[in-house]
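Notes follow the structure.
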Amino acid sequence: MPQQQPPSQSQPRRFSPARPCPVEDVPRWDLETDVVVIGFGAAGACAAIEARQAGARVRVLEVASAGGGSASWSGGEVYVGGSGGTSVQRAHGFEDSTEDLAAYLMMAGGPGADGERVHTYAEGAEAHFRWLQDQGVPFKGTYLPGKWIEPTTDDTLLWSGSEQAWPFRDKARPAPRGHTAQFKGWGGGKVLMEKLCAKAAELGAEVHTDSRALTLVLDRAHTVVGVVARMDGVEKFVRAHKGVILCAGGFILNKAMLARFTPGALACNKEVSGGNDDGSGIRMGMAVGGAVTHMDQFFATVPFFPPASLVKGIFINGRGERFINEDAYHGRVAHYVLRQPEGKAWLLVDDAIFGRPVIKPDVTVAAVGETWEEVEAELGLPAGSLVHTVKTFNEQAEAGRDPLFHKAPDWLRPLTQAPFAAISYCSAELEAHAFTLGGLATRPSGEVLDGDGQPIRGLYAAGRSACGLPRWGEGYSSGLSLGDSTFFGRMAGKAAAAA
């Protein structure tokens, strides 16, 4: 006779993000407020600040023991500009028009870019930077030239995307737009989030940590009226008189959701997360009819610099062919690397530029030779394929041009100084980092939309629980997620408070 499963394992959980709780099943309201914010990361903190400043009562439910979310583990870069330039851009001689910022963001958003969202952000980005300063976020105001994945200095301004790379530079005048919170070392997001979370609490938002939102409460008119949450181990029913704002992050830690929506991200073995991006916020929204969009999209990076000299190398695939201009944003390069035939890709370098990437010093040098013929043979590539590619590249680089991929002149030089090497970026040895970009479909003001494009009453979303500005992996730039989360988190807070 088969052994019977204990009831706790065989029976479904009482509450699940995938099943809203009917208001008739609420035995009592344990807590009441105007606005409930689920998640105390970048979007949640800014939503709470704006809702409180609008006079609404706010309760924040944070599953972790402290606020900050995944944003607190980030580099602390916020992508802002336009309106002639922020004070930091102008101080260092960079003019940045709203039109150029919008043009860049439309390209960065890819085929499904949201024009209304882009133009709303472009018109308000410079003022948003001043708003962040007003909340106490420190920015030193200095400029860090060069190409960096994340600054380890406490400088503010850096080139954080593909602004100077083809094809972006042809349609939007380049300007550095990454504005980093003042912090030395990795992880400036910690400072950013400490300030924003402290401001929300100072304004009177009631923050409940170690509190997991289990599901939304829905009334007979299909209005979201509250949340069921587990607080201190006890299930409680929280009434939201004006609205619930989902700011619970993405779903990079939910393997079932990745397999269903974003299978490409499964090739990346390093999740970029503060530890709670389980998709529960998105699932709660879907459960009450919220539409999702761009769920197949994800940020990815396979760090190959610094040292910046490696950008002067060239990537090739298993056919010995180039496939990307290497001076593009590292996340854009990563997507091209990840989809090469048979998962094979190598970065070709010569002795003049060779260096082990700082972020991944244990790279595999797949082949070394005194000639490119030797490197080609050691990699087992078709005879003449790599040699032809390098010969063509060297001749064109010597003339200062790259007609195939339009690499910028600053990064263009022939690979002629022996010995030569091929650094492996093959999928079998790849260490790729990823987080998700898809989420609930919303208006720029935060209202979650159903399948007909109509708002679901009482429900808002921002940050990676929503699909915002960053919605195309190939167009991502560092700072876009923090810029999007903080800006549109503010808008959702305002909208919910005014409901």
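The values are calculated or read from the model by the stated rules, or taken from the named source; none is laboratory data. Everything quoted here is computed from the prediction, not taken from an experiment. So basically every Cβ, Gly included, is an ideal-geometry build from the backbone, and we count neighbours across all protein chains shown. Quick note on the areas: whole protein, heavy atoms, side chains included, nothing else; ligands and nucleic acids left out. Shrake-Rupley method; radii C 1.70, N 1.55, O 1.52, S 1.80 Å.
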**Q.** Every residue from segment 363-397 that is open to solvent by 40 Å² or more (accessible area, probe 1.4 Å) and touching a strand residue (DSSP E or B) at 6+ places or on another chain (Cβ under 6 Å)
**A.** 364, 365, 368, 378
(Q) For segment 176-192, give me the residue count where each residue is assigned to a loop (DSSP other than H, G, I, E, B), closer than 19 Å to residue 330 by Cβ and either at pLDDT 95 or above or open to solvent by 40 Å² or more (accessible area, probe 1.4 Å) (or both). (A) 3
Q: State whether the residues of segment 454-471 include one that is in a loop (DSSP other than H, G, I, E, B), on the phi > 0 side of the Ramachandran plot and not basic (Lys, Arg).
A: no
(Q) Between 220, 230, which is open to solvent by 60 Å² or more (accessible area, probe 1.4 Å), charged (D, E, K, R) and not in a strand (DSSP E or B)? (A) 220
(Q) Considering only residues that are closer than 21 Å to residue 19 by Cβ and either open to solvent by less than 40 Å² (accessible area, probe 1.4 Å) or touching a residue at least 12 places away in the same chain (Cβ under 8 Å) (or both), which ones fall in segment 254-272? (A) 254, 257, 261
Q: For segment 30-84, enumerate the residues that are farther than 19 Å from residue 17 by Cα and among the acidic types (Asp, Glu).
A: 30, 32, 34, 50, 77
Q: Among the residues of segment 360-374, write down those that are of a type in the set (Asp, Glu) and at pLDDT below 95.
A: 362
Q: Determine whether segment 402-425 contains at least one residue that is modelled with pLDDT of 95 or more, hydrophobic (A, V, I, L, M, F, W, C) and part of a helix (DSSP H, G or I).
A: yes
Q. Inside segment 469-482, can you point out the residues that are over 10 Å from the mean Cα position of the chain (by Cα) and either of a type in the set (Gly, Ala, Ser) or open to solvent by less than 10 Å² (accessible area, probe 1.4 Å) (or both)?
A. 475
Q) Can we say residue 145 is in a loop (DSSP other than H, G, I, E, B), touching a strand residue (DSSP E or B) at 6+ places or on another chain (Cβ under 9 Å) and open to solvent by 30 Å² or more (accessible area, probe 1.4 Å)? A) yes
Q | Unique residue being open to solvent by 20 Å² or more (accessible area, probe 1.4 Å), under 12 Å from residue 80 (Cα atoms) and in a helix (DSSP H, G or I) when the list is 127, 103 | A | 127
Q: Determine the pairs where a residue that is touching a residue at least 40 places away in the same chain (Cβ under 8 Å), located within segment 103-117, has a partner that is among the β-branched types (Val, Ile, Thr) and open to solvent by 30 Å² or more (accessible area, probe 1.4 Å) with Cβ atoms under 8 Å apart, the partner being 6 or more residues away or on another chain.
A: 112/293
Q. Name the residues in segment 130-140 that are of a type in the set (Gly, Ala, Ser) and open to solvent by less than 20 Å² (accessible area, probe 1.4 Å), would you?
A. none
Q | Criterion: buried (at least 17 other Cβ atoms within 10 Å of the Cβ) and either over 17 Å from residue 282 (Cα atoms) or of a type in the set (Val, Ile, Thr) (or both) - qualifying residue of 422, 466, 428 | A | 422
Q: Scan segment 233-255 for residues that are assigned to a loop (DSSP other than H, G, I, E, B), of a type in the set (A, V, I, L, M, F, W, C) and under 21 Å from residue 492 (Cα atoms) and report the count.
A: 3
Q) Checking residue 96 against (1) surrounded by fewer than 19 Cβ atoms within 10 Å (Cβ to Cβ); (2) outside any helix (DSSP H, G or I), which single condition isn't satisfied? A) (1)
